[in-house]
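K.L.:
Submitted below is the structure of interest, expressed as structure tokens.
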Amino acid sequence: MRNIVKEFPGVLALNKVRFDLYEGEVHALLGENGAGKSTLIKIISGVYKPDFGEIYINGRKSFFANPTEAIQEGVATIHQELNLFEELTVAENIFVGNIKKFNISKSKMIKITDQLLKEFNFPIKASEKVKYLNTSEKQLVSIAKALSLNAKIIIMDEPTATITEHETKRLFEIIKDLKRKKISVIFISHRLEEVFEIADRVTVLRDGNYIGTSEIENISREELIKMMVGREIEEMYPKFNKISGEEIFKIENLEVGEYVKDVSFDVKKGEIFGIAGLVGSGKLEIALGIYGYLPSKWKQLILNGKKITPSRNMLDYGIALVPEDRKKMGLVLEMDVMRNIILQNTDEVSRFGKISWKKSKIIATEEVKKYAIKVSSIKQKVKTLSGGNQQKVVLSKVLRKRPEIIFLVEPTRGIDVGAKVEVYNIVNKLANEGVGVVFISSELPEIVSLCDRVLVMHRGRSMGILNKNKINQENILKLATGVDIK
């Protein structure tokens, strides 16, 4: 790609960007949210047409009017939100849209798919319905579909965001196998440790501009971060909270349906309390159960000395939740920034059932400034914001309620390095202001670096609570897989 330019109304998304890809290599594409990665990928895959610039494949100038033309040229994209038909089988999903092969019998479809899956050692069956597969297996279906279309370039957008560490290792084995078969992979991720593990080269974009390309072995993590954010980040995991001996929250014998059994823990004032565990361990359901999203019961829940009974309106008690899926559970994407912030805080701006939009505007402007949310105006639709700025909108509207305790579920998922550090600073500040902070994450480096104590879950049960001197990745992983530690 040479001198790629793409402009949207009022925004120069890409400014003379270049990108190249070798046969059989993994090339990581990095940048903060809003850097231009998604726009560049949409141009490569035929979703957008560049305003200026040229694309060459195997030395031949190419132009894609739509994604179908890109696929015909051997370019396939596996999106973070997997676009599969849940009620169809693996084979049917692979053949959907493939007109040349679709006019065949179901048995032959399954036979061809099984051959393809066997060739790449994919541990799934062609006859199985997609709805019964886990997230990593669904990813394999998307990869198999791309391979069935003879893709020579596969774009993977945040492929590890929702899978376990074990599943990530399996995915990386598959990527290495693709390399051996001369298939090229464009790998997009916010997890730098994965980039150093799997990529051959890395290209960085910032604010729509090309910053540079490097062999992965010739660049350090610190240099990459500086390229992405335009400055050095002195401390990736800032920690300045101070714990008091005062207990702010305590729950005994929590049960959440079939997900969580007999879990108890407490949180001190000024403490960042972590909850870790593998996918399906019950760590997310702890927050959803306490908040009232899932049916739950407990022997005793004490918040600032008061006993709390199960309720669907836990926010009224001062218990807040920043959910894992901000797009589905945290925001109304079609609404603007102002309305999203006000939605949870209508008591501040309404009287006799009528909302004061003048006051709403003042509050939204305050919150945007307070959390440094990058917007063109408070009337900008939330769906157009980057992941990091969307997360700040969720945090601002929740924290405006001044909760006693807040459950942060995967609060840095899908956001860039700079935004992550901003979230970590907010977490520390909240703890020091006396808010109980429960930090639930699959990212072990941030659990180890930020948390004062960590509850580790395994198959719905607590494997124990680690104190600061025992918190490390090895201990957490042992407990998360059901192995006791001394």
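K.L.:
How large is the charge dipole for the chain, taken about the Cα centre, if only the Cβ atoms of Lys, Arg (+1) and Asp, Glu (-1) carry charge, to the nearest 20 debye?
P.N.:
Details: 76 positive and 63 negative charges, 238 e Å.
Its charge dipole is roughly 1140 debye.
K.L.:
Continuing with the same structure: Ignoring ligands and nucleic acids, what accessible area does THR39 show with a 1.4 Å probe (Å², nearest 10)?
P.N.:
20
K.L.:
Which of the GluC sites (Glu not before Pro) found in region 180-262 are in a DSSP loop and have at most 10 neighbouring Cβ atoms, other than their own, within 10 Å? Don't skip to the answer; put the middle values down first.
P.N.:
Numbers: sites: GLU193, GLU194, GLU197, GLU215, GLU217, GLU222, GLU223, GLU232, GLU234, GLU235, GLU246, GLU247, GLU252, GLU255, GLU258; in loops: GLU232, GLU234, GLU235, GLU246, GLU258.
For GluC sites (Glu not before Pro) across region 180-262 that sit outside H, G, I, E and B with at most 10 neighbouring Cβ atoms in 10 Å, the list reads GLU232, GLU234, GLU258.
K.L.:
To continue, here is another question. Please compute the per residue accessible area over the chain with all protein chains in place, 1.4 Å probe, rounded to a whole number of Å².
P.N.:
49
K.L.:
For the chain, what is the per residue volume of the convex hull drawn over the alpha-carbon atoms, in cubic angstrom? Can you show the working numbers first?
P.N.:
Numbers: hull volume 81.8 nm³, N = 486.
With only Cα atoms used, the chain gives 168 Å³ per residue.
K.L.:
Moving to a separate point now. Rounded, prolate or oblate: pick one for region 1-104, where a ≥ b ≥ c are the square roots of the eigenvalues of its C-alpha gyration tensor, a/c under 1.5 means rounded, and failing that, prolate if a/b is larger than b/c, else oblate. Don't skip to the answer; put the middle values down first.
P.N.:
Values: a/c = 2.02, a/b = 1.66, b/c = 1.22.
Prolate is the answer for region 1-104, as a/c is 1.5 or above and a/b outweighs b/c.
K.L.:
Write down the percent of antiparallel bridges among all DSSP beta bridges whose residues are both part of the chain, to the nearest 5.
P.N.:
55
K.L.:
In region 1-99, what chymotrypsin sites (Phe, Trp or Tyr not before Pro) fall in a loop by DSSP, with at most 15 other Cβ atoms inside 10 Å? Walk me through the numbers before you get to the answer.
P.N.:
Details: sites: PHE19, TYR22, TYR48, PHE52, TYR56, PHE63, PHE64, PHE85, PHE95; in loops: PHE19, TYR22, TYR48, PHE63, PHE64, PHE85.
Qualifying residues, ordered by number: TYR22, PHE63, PHE85.
K.L.:
Count charges around ALA320 for me, please; just the other residues with Cβ under 13 Å from its Cβ, Lys/Arg as +1, Asp/Glu as -1. Don't skip to the end; give the middle numbers.
P.N.:
On the way: positive: LYS397, ARG400, LYS401, ARG402; negative: ASP316, GLU404.
Net charge in that neighbourhood comes out at +2.
K.L.:
Determine the shape class of region 61-166: with a ≥ b ≥ c the square roots of the Cα gyration tensor eigenvalues, call it rounded for a/c under 1.5, and otherwise prolate if a/b is greater than b/c, oblate otherwise. Numbers along the way, then the final one.
P.N.:
Details: a/c = 1.77, a/b = 1.09, b/c = 1.61.
It is oblate, given that a/c is not under 1.5 and a/b is not larger than b/c.
K.L.:
Using a 1.4 angstrom probe on heavy atoms only, work out the carbon and sulfur share of the accessible area of region 257-312 in %.
P.N.:
Working: 1340 of 2610 Å².
So the carbon and sulfur contribution to the accessible surface is 51 percent.
K.L.:
Determine the share of region 1-106's accessible area contributed by carbon and sulfur atoms, expressed in whole percent, with a 1.4 angstrom probe. The partial results should precede the final answer.
P.N.:
Working: 3010 of 5940 Å².
Looking at region 1-106 in its full context, I get 51 percent from C and S.
K.L.:
In the neighborhood of ILE251, defined by Cβ-to-Cβ distances under 15 Å, what is the net charge if each Lys or Arg adds +1 and each Asp or Glu adds -1?
P.N.:
Working: positive: LYS250, LYS261, LYS268, LYS283, LYS297, LYS299, LYS306, LYS307, ARG453, ARG461; negative: GLU247, GLU252, GLU255, ASP262, ASP266, GLU271, GLU285, GLU404.
Result for the local shell: +2.
K.L.:
With a cut-off of at most 16 other beta carbons within 10 Å, and DSSP calling the residue loop, which chymotrypsin sites (Phe, Trp or Tyr not before Pro) in region 173-264 qualify? Please list them.
P.N.:
On the way: sites: PHE187, PHE196, TYR210, PHE240, PHE249, TYR259; in loops: PHE240, TYR259.
Passing sites in region 173-264 are PHE240.
K.L.:
Taking a 1.4 Å probe, which of TRP357, TRP298 shows the most accessible area, and what order do the others take after it? List each step's numbers first, then the result.
P.N.:
Working: TRP357 115, TRP298 35 Å².
Descending order: TRP357, TRP298.
K.L.:
Which distance in Å, rounded to a whole number, links the C-alpha centroids of region 44-66 and region 157-227?
P.N.:
Taking the Cα centre of region 157-227 as reference, the centre of region 44-66 is 23 Å away.
The values are calculated or read from the model by the stated rules, or taken from the named source; none is laboratory data. Because the structure is a prediction, the values reported are computed rather than measured. Here the Cβ is made from the backbone with ideal geometry for all residues, glycine too, and neighbour counts use every protein chain on show. Calculation scope for accessible area: heavy atoms of the full protein, side chains included, ligands and nucleic acids excluded. Shrake-Rupley method; radii C 1.70, N 1.55, O 1.52, S 1.80 Å.
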